[in-house]
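The next block holds one structure in the form of structure tokens; read it before the comments.
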Amino acid sequence: MERPPLSTAFPAADATAQVERWLQKIARGDKEALAALYQAYFRRLAAMLYPLLGHASTVEDVIQEGFIKLWHKAHTWQPQRGNGEAWMIALFRHLALDQLRSGKRRTTVSLQPAQEDMAMEDEVIVDVPAPDFPHERERIWHCLNQLEAQSRAAILLSYTQGYSHEELSQHFATPLGTLKSWVRRGMEKLRQCLCH
């Protein structure tokens with residue numbers, strides 16, 4: 001599959017319903033639905049995976065592998081267990097994390113508390129590599145900066161560095177449920193911001 005044109009935008013607010021329709025079609029062997037999903041999500045997935053993997057070629061490899069896996073596993077998505085968009089994004093994120101765990105790439109970030117008045121969240125924002133999509137990078141950072149500091153830090157460390165919720169809970173000395181709430185609320189605010 002070819003890379004979509006640079007003009008491809010973030011999916012619309014009803015993206016979840018569209019993804020679910022595509023997944024149902026893909027599960028029945030519809031190659032056009034797979035191509036449409038690829039065109040709609042390539043840039044979003046690349047923007048999500050680049051900070052985690054650090055190299056455009058690695059991101060493209062993971063996306064390619066992910067769409068092959070999606071082709072073979074679309075029938076396993078179950079609407080009663082969660083929305084299709086979240087299922088699909090988790091599939092790609094898990095592939096990227098598997099690549100990191102295999103030792104192929106890993107950027108380390110200190111989880112030690114920052115000194116003086118400098119917040120750890122500020123360090124993370126400066127430290128995270130940005131995707132090569134300038135207008136989307138600006139949008140992502142604008143939306144991230146709208147989040148509460150603890151949500152922003154937890155999301156960045158989780159999604160860009162691969163830290164588990166348990167690791168973050170220990171670092172922040174916060175109950176696991178509270179940390180998951182930070183991430184869930186932050187991701188919902190990000191979604192709302194990015195879809196507008």
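Observations on the model:
- Taken as a whole, the condition of being open to solvent by less than 70 Å² (accessible area, probe 1.4 Å), under 17 Å from L156 (Cα atoms) and of a type outside the set (D, E) applies to A90.
- Between L45, L34, the distinction of being under 12 Å from F92 (Cα atoms), in a helix (DSSP H, G or I) and not β-branched (V, I, T) belongs to L45 only.
- In the range 155-176, residue farthest from L97 (Cα to Cα) [restricted to those that are within 22 Å of the chain's Cα centre (by Cα) and of a type in the set (V, I, T)]: I155
- Top-ranked residue of the range 11-50 - restricted to ones that are within 14 Å of the chain's Cα centre (by Cα) and among the hydrophobic types (A, V, I, L, M, F, W, C), ranked as surrounded by the most Cβ atoms within 10 Å (Cβ to Cβ): L49
- Test: residue in the range 135-145 that is in contact with a Cys (Cβ under 9 Å, 6 or more places away or on another chain), modelled with pLDDT under 85 and of a type outside the set (A, V, I, L, M, F, W, C): yes
- Residue tally, condition over 12 Å from L23 (Cβ atoms) and either touching a Leu at 6+ places or on another chain (Cβ under 7 Å) or not in a helix (DSSP H, G or I) (or both), over the range 68-93: 2
- Residue ranges of helices (runs of 4 or more DSSP H) in the range 141-196 with at least 3 members of a type in the set (A, V, I, L, M): 149-161, 176-194
- Number of residues in the range 145-196 that are crowded, with 21+ Cβ neighbours inside 10 Å and hydrophobic (A, V, I, L, M, F, W, C) equals 9.
- Any pair with Cβ under 6 angstrom, 6 or more apart, that starts in the range 146-169 at a residue that is within 18 Å of L95 (Cα to Cα) and ends at one that is polar (S, T, N, Q) and surrounded by fewer than 21 Cβ atoms within 10 Å (Cβ to Cβ): none
The values are calculated or read from the model by the stated rules, or taken from the named source; none is laboratory data. Just so it is clear, the model here is predicted, and its values are computed rather than measured. Methodologically, a virtual Cβ is constructed for each residue, glycine included, from the backbone with ideal geometry; neighbour enumeration extends over all protein chains shown. Calculation scope for accessible area: heavy atoms of the full protein, side chains included, ligands and nucleic acids excluded. Shrake-Rupley method; radii C 1.70, N 1.55, O 1.52, S 1.80 Å.
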